[in-house]
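Chemist: Submitted below is the structure of interest, expressed as structure tokens.
The values are calculated or read from the model by the stated rules, or taken from the named source; none is laboratory data. All values reported here derive from a predicted model rather than from experimental measurement. Cβ sites come from the backbone with ideal geometry, for glycine too, and all protein chains shown count toward neighbours.
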Amino acid sequence: SQVQDIRGKATAAAKDMAFAFDIDGVLVHGDRLIPEGQRALEILNGDNELGIKIPHIFLTNGSGKIETARCAQLSKILHNPVSTDQFIQSHTPMSALAEYYETVLVVGGESYQCREVAKQYGFKDIIVPNDIYAAQSTISPLREHFTAEQRATSTPRDFSKVKINAILVFSDSRDYATDLQIIMDLLQSEDGVLGTKAKSPTEQSIPIYFSQGDLLCPTEHPNPRMSQGTFRIALEAIYKALTGHELERVVYGKPELATYKYADEVMTSWMDTLHGEEKLPKHIYMVGDNPASDITGGNMYGWNTCLVRTGVYQGEGNDDENPANFGVFTNVLEAVQTALRKEL
Ligand code: G3P
Ligand code: MG
């Protein structure tokens, strides 16, 4: 019965903990599995001494695909189920903007996929830069390629009659020159109508939102590559140089507070799905590879943060600027096992 007692306590403790996983650099590199990630998820999905499921959500700054498609892809790579109910990518919380803006310019990623994302979020009239380029190619004189496929998935129309209400950068720009040019045109337009010039040039004509702010992203390349944050910095510098004013913008994703609040909601309802109780667990562990987003955000939000060395961060000890409060680990499996040992 002493054994039963210990088991009971461990089970209760297991029900009061949860994990939030970063994806790129923790569980995968691009489409390639990090093997320790698969094992870590198997343990949390019930392959542990208690035979209990330990709730975990995925909190990624990734983007560019609809949630159902990305979850299906991740389930395959990770050999573990990933439900849309436990999944937040950078633009997921931006669905709330659909109620405020009818006509939006969606920038970045494969445009037909990001158009689909915006449609699912409830935006009514979705324009992508390729639609504009298809209607008026002189708008981007530096552009060299416009493939047959891009043309086939673009919808040109008379943009002098269209009021664009907001710009939503969902994913990495595939063509900085065209995207920056069109965004600059819109920000200085009269009420978001292309081809017009604002009567009051000191005012930014329409709002702009970015789905995340990471400067670097781990990919299959040996060193991290530039990400959406560098695109935003380029735009901010251009906007300042050409208008003399600071760009007003909103950034989502980690480490922004709004994203962690959203994660709390997802975590709460996922706890309900797994344990039948709608409440936040006492002990939340975030496992991430990027000190500037995963770790700083988790630290601010009172989570236990674990920094792994399989992605952006490659240092020896802890990160100087944003140290992980639970520790630095070789990989995600080591982090999960250490957290379980501490709590159970
Ligand atoms: O920085 C871009 C994105 O791919 C990072 O994703 O999962 O590391 O937050 P993640
Ligand atoms: Mg990462």
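Chemist: Regarding Leu344, is this residue within 17 Å of Met17 (Cβ to Cβ), surrounded by fewer than 24 Cβ atoms within 10 Å (Cβ to Cβ), modelled with pLDDT under 95 and of a type in the set (A, V, I, L, M)?
Modeler: yes
Chemist: Can you run down the residue pairs with Cβ atoms below 6 Å, 6 or more apart or on separate chains, where the first is in the range 165-182 and away from ligand 1 (no atom under 16 Å from the Cβ) and the partner is in a strand (DSSP E or B)?
Modeler: Note: pairs meeting the criteria are Asn165/Thr103; Ala166/Val104; Ile167/Leu105; Ile167/Ile208; Leu168/Val104; Leu168/Val106; Leu168/Tyr209; Asp179/Val107.
Chemist: Any residue in the range 163-181 that is crowded, with 18+ Cβ neighbours inside 10 Å, farther than 17 Å from Arg115 by Cα and of a type in the set (A, V, I, L, M, F, W, C)?
Modeler: Yes, some residue in the range 163-181 is crowded, with 18+ Cβ neighbours inside 10 Å, farther than 17 Å from Arg115 by Cα and of a type in the set (A, V, I, L, M, F, W, C).
Chemist: Condition first: within 16 Å of ligand 2 (Cβ to nearest atom) and either hydroxyl-bearing (Ser, Thr, Tyr) or farther than 18 Å from Ala335 by Cα (or both). Now tell me which residues in the range 276-286 satisfy that.
Modeler: Listed by number, the list holds a single entry, Tyr285.
Chemist: Could you please find all residues in the range 58-69 being under 15 Å from Val266 (Cβ atoms) and either aromatic (Phe, Trp, Tyr) or more than 8 Å from ligand 1 (Cβ to nearest atom) (or both)?
Modeler: Correct list: Phe58, Glu67.
Chemist: Restricted to the range 239-254, and to residues that are of a type in the set (Val, Ile, Thr) and under 26 Å from Leu97 (Cα atoms), which residue is surrounded by the fewest Cβ atoms within 10 Å (Cβ to Cβ)?
Modeler: Restricting to residues being of a type in the set (Val, Ile, Thr) and under 26 Å from Leu97 (Cα atoms), the top hit is Val250.
Chemist: A follow-up question, please. Only residues that are within 19 Å of Ile295 (Cα to Cα) and more than 12 Å from the chain's Cα centre (by Cα): list them for the range 50-75, please.
Modeler: Correct list: His56, Ile57.
Chemist: Just checking, which of Arg115, Arg174 is assigned to a helix (DSSP H, G or I) and out of contact with any helix residue (DSSP H, G or I) (no Cβ under 6 Å at 6 or more places or on another chain)?
Modeler: Arg115
Chemist: Filter the range 299-331 down to the residues that are aliphatic (A, V, I, L, M) and out of contact with any Lys or Arg (no Cβ under 9 Å at 6 or more places or on another chain), then identify the one that is nearest to ligand 1 (Cβ to nearest atom).
Modeler: Val312
Yes or no, residue by residue, for (1) under 23 Å from the mean Cα position of the chain (by Cα); (2) within 14 Å of ligand 2 (Cβ to nearest atom):
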residue: Leu274; (1), (2): no, no
residue: Gly288; (1), (2): yes, yes
residue: Ala292; (1), (2): yes, yes
residue: Gly298; (1), (2): yes, yes
residue: Leu307; (1), (2): yes, yes
residue: Leu333; (1), (2): yes, no
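Chemist: Sticking with this one: When Leu186 is evaluated against the numbered criteria (1) outside any loop (DSSP other than H, G, I, E, B); (2) touching a residue at least 40 places away in the same chain (Cβ under 8 Å); (3) touching a strand residue (DSSP E or B) at 6+ places or on another chain (Cβ under 7 Å); (4) closer than 26 Å to Val28 by Cβ, which criterion, by number, is the only one it fails?
Modeler: Here Leu186 meets the rest and fails (4).
Chemist: Take the residues of the range 257-272 that are in contact with a helix residue (DSSP H, G or I) (Cβ under 9 Å, 6 or more places away or on another chain) and over 28 Å from Asp319 (Cβ atoms): which is nearest to ligand 2 (Cβ to nearest atom)?
Modeler: Looking at residues that are in contact with a helix residue (DSSP H, G or I) (Cβ under 9 Å, 6 or more places away or on another chain) and over 28 Å from Asp319 (Cβ atoms), I get Trp270.
Results for (1) touching a strand residue (DSSP E or B) at 6+ places or on another chain (Cβ under 9 Å); (2) within 14 Å of ligand 2 (Cβ to nearest atom); (3) at pLDDT 95 or above, shown as yes or no for each residue.
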| position | (1), (2), (3) |
| --- | --- |
| Cys217 | yes, yes, no |
| Arg225 | yes, yes, no |
| Gln228 | yes, yes, yes |
| Arg232 | yes, no, yes |
| Ala237 | no, no, yes |
| Ala241 | no, no, yes |
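Chemist: Filter the range 31-78 down to the residues that are within 15 Å of ligand 2 (Cβ to nearest atom), part of a loop (DSSP other than H, G, I, E, B) and of a type in the set (Asp, Glu) and list them by number.
Modeler: Residue satisfying the conditions is Asp31 alone.
Chemist: I'd like the residue in the range 213-230 that is closer than 19 Å to Asp175 by Cβ and in contact (Cβ under 8 Å) with a residue 40 or more places away in the chain and, out of all such residues, is surrounded by the fewest Cβ atoms within 10 Å (Cβ to Cβ).
Modeler: Thr219
Chemist: Follow-up question, since we're still on this one. What are the residues in the range 155-213 that are under 19 Å from Ile233 (Cβ atoms) and among the small types (Gly, Ala, Ser), if any?
Modeler: Result: Ser171, Ser173, Ala177, Ser211, Gly213.
Chemist: Ser205 versus (1) touching a residue at least 24 places away in the same chain (Cβ under 8 Å); (2) crowded, with 18+ Cβ neighbours inside 10 Å; (3) touching a strand residue (DSSP E or B) at 6+ places or on another chain (Cβ under 9 Å): which is the lone unmet condition?
Modeler: Tallying (1) touching a residue at least 24 places away in the same chain (Cβ under 8 Å); (2) crowded, with 18+ Cβ neighbours inside 10 Å; (3) touching a strand residue (DSSP E or B) at 6+ places or on another chain (Cβ under 9 Å), Ser205 fails exactly one: (1).
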